[in-house]
Amino acid sequence: MEFGPRALGNRSILADPRRGDMKDILNRRIKHREPFRPFAPSVLEEHTGAIFTESDPSPFMLLAYPFRAGWREKLPAVAHVDGTGRLQTVSRETNPRYWELIEAFRQATGVPLVLNTSFNENEPIVCTPTDAIRCYVETGMDVLFLGDLLVERAPAGEPRTP
């Protein structure tokens, strides 16, 4: 489990950074934050310099790097109004599972990063599976992963299996 002020991919809400409406969706369903507050990109460490003007690792989401030309428009859900992103670089060596998830997104979309925000609504970041399930049930999240377990809501009108 991470510690400190940021969600680093283990207790995170993840979303598609290419969607211009994603900030509004997250704020309406889950986060309830002011619209100007940005969400962060988690980027594969080896692709950092292709998207941002800096390539130094930033594994703890503490630095904001300017986007290279064209990327800010492609990634509106994680671009700050000043053209930067407060990023987390993800290393295959230090977080292989999260790296593999972002790599799968890259293979599917051509974009080697995802939107990452803390897994919480208006309380501290979840710490236990019970916290995660409660937050999932109380918000409009689409799916929940707890380790290898996938939790999905039953489609409207279909009976729930006990």
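If you go through the stretch 70-102 and keep only what is assigned to a loop (DSSP other than H, G, I, E, B) and surrounded by fewer than 17 Cβ atoms within 10 Å (Cβ to Cβ), you end up with Gly70, Pro76, Val81, Asp82, Gly83, Ser91, Arg92, Glu93, Thr94. Could you grab me the full set of residues in the stretch 2-40 that are free of Cβ contacts under 8 Å to residues at least 60 places away in the same chain, surrounded by fewer than 14 Cβ atoms within 10 Å (Cβ to Cβ) and not in a loop (DSSP other than H, G, I, E, B)? Result: Asp24, single match.
Could you please find all residues in the stretch 41-69 being in a helix (DSSP H, G or I) and of a type in the set (D, E, K, R)? Passing the criteria: Glu45, Glu46.
Just name the residue that is nearest to Asn27 (Cα to Cα) out of those in the stretch 119-136 that are in a loop (DSSP other than H, G, I, E, B) and hydrophobic (A, V, I, L, M, F, W, C). Walk me through how you get there before you give the answer.
Of all residues in the stretch 119-136, those in a loop (DSSP other than H, G, I, E, B) come to 119-128.
When the remaining residues are screened for being hydrophobic (A, V, I, L, M, F, W, C), the result is 119, 125-127.
Numbers: Phe119: 13, Ile125: 16, Val126: 18, Cys127: 21 Å.
Among them, the one singled out is Phe119.
If I filter the stretch 63-72 for residues that are within 20 Å of Gly9 (Cα to Cα), at pLDDT below 95 and of a type outside the set (Lys, Arg), do I get at least one hit?
Let us first name the residues in the stretch 63-72 that are within 20 Å of Gly9 (Cα to Cα), namely 63-65.
From the residues that got through so far, the ones that are at pLDDT below 95 too are none.
Checked against the condition, which is being within 20 Å of Gly9 (Cα to Cα), at pLDDT below 95 and of a type outside the set (Lys, Arg), the stretch 63-72 yields no hits at all.
The values are calculated or read from the model by the stated rules, or taken from the named source; none is laboratory data. Owing to the predicted nature of the structure, the values given are computational and were not obtained by experimental measurement. Every residue, glycine as well, gets a Cβ built from its backbone with ideal geometry; the counts of neighbours run over all protein chains shown.
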